[in-house]
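Below is one structure, written out as structure tokens; the observations come after it.
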Amino acid sequence: MPDLRNASFKPTSTWYEDADTYWRAVPSSIGGMLGGLDQVHTPDIRDSRAFLTKLQSNPTLSLSTKYACDCGAGIGRVTKNLLLPLFDRVDLVEQNPDFLNEARSSYLEQEIQRVPDMFATGLQLFTPPQGRYDVIWCQWVLSHLTDADMLAFLGRCRQGLATGGIICVKENVAMEGYVVDSDDSSVTRSPAIFERIFSSAGFKVVDKQTQTDFPHGLFEVCMWAIVPI
């Protein structure tokens, strides 16, 4: 269960190992990806699609629809339902090889020709291919990174963006400070902390939206679109 909110966050020495252990016990299914909250799938995809299509129609961004990257992809729920309908090709980044096997052999089997690469690694170790992606989509995964590793990851993502590319972040947010969950080695940050890290990594926020129609009692979920300064 989450600890009380804290003004600072110090990860444990086994932060990433504990998260890996947790996710290896999770079923390779939509329910597993959503923590049993299958009912959030439809409003989640709906609001994410509205956010992305608004960005694609923004003339100041010149956003291409050639290539996206789904970070923390799981079995490819976001890839299948959000990214592939909007982009020509999508790569997956996912630490759990069982999830990628499910994506390859079953969940994304019909679309697999449009999924050139599946990277079996955590974001703390992932370096995007140079200049490849129009959109790097990070959803419910940056919560597993330490502040320092998120900062470094975003810095590497700068090099992975194509000309005019953006990073989209969709994460649970706390009212203030940090809320640490020791069960799955995740940390929920306030919007101010996210935006401070974005700025420190050399990005600016060009759009921001709050998720609607999630069940009462869950964390608020925010979406950001950020571009290199």
Problem - Long-range neighbours under 6 Å by Cβ, at least six apart or interchain, first residue under 18 Å from S62 (Cα atoms) within the range 191-209, second assigned to a loop (DSSP other than H, G, I, E, B) - result: K204/I229
Problem - Count of residues meeting criterion [open to solvent by 80 Å² or more (accessible area, probe 1.4 Å) and acidic (D, E)] in the range 89-114 - result: 1
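Residues in the range 147-158 that are more than 14 Å from W224 (Cα to Cα) and either in contact with a Phe, Trp or Tyr (Cβ under 6 Å, 6 or more places away or on another chain) or open to solvent by less than 20 Å² (accessible area, probe 1.4 Å) (or both): how many?
Going residue by residue through the range 147-158, those that are more than 14 Å from W224 (Cα to Cα) are 147-153, 155-158.
Those still in the list that are either in contact with a Phe, Trp or Tyr (Cβ under 6 Å, 6 or more places away or on another chain) or open to solvent by less than 20 Å² (accessible area, probe 1.4 Å) (or both) too: 150, 153, 157.
Number of matching residues: 3.
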Fill in the blank from the handout: Note on the range 31-62: residues of a type in the set (G, A, S) and either in contact with a strand residue (DSSP E or B) (Cβ under 9 Å, 6 or more places away or on another chain) or open to solvent by 60 Å² or more (accessible area, probe 1.4 Å) (or both) are G35, S48, A50, S57, S62
Exercise for the section: Would you check if G72 is at pLDDT 95 or above, in contact with a Cys (Cβ under 7 Å, 6 or more places away or on another chain) and on the phi > 0 side of the Ramachandran plot? Expected result: yes
Problem - Top-ranked residue in the range 159-198 [being of a type in the set (V, I, T) and closer than 25 Å to L82 by Cβ; ranked as most open to solvent (accessible area, probe 1.4 Å)] - result: T163
Completion exercise
Turns out the helices (runs of 4 or more DSSP H) fully within the range 11-58 with at least 3 residues that are under 21 Å from Q95 (Cα atoms), in contact (Cβ under 8 Å) with a residue 12 or more places away in the chain and in contact with a Phe, Trp or Tyr (Cβ under 9 Å, 6 or more places away or on another chain) are 30-33
Completion exercise
Scanning the range 176-200 residue by residue, those among the polar types (S, T, N, Q) and in a strand (DSSP E or B) turn out to be S186, T188
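The values are calculated or read from the model by the stated rules, or taken from the named source; none is laboratory data. None of the values given here were measured: they were computed from a predicted structure. Neighbour counts run over all protein chains shown; Cβ positions are idealised from the backbone, glycine included. Calculation scope for accessible area: heavy atoms of the full protein, side chains included, ligands and nucleic acids excluded. Shrake-Rupley method; radii C 1.70, N 1.55, O 1.52, S 1.80 Å.
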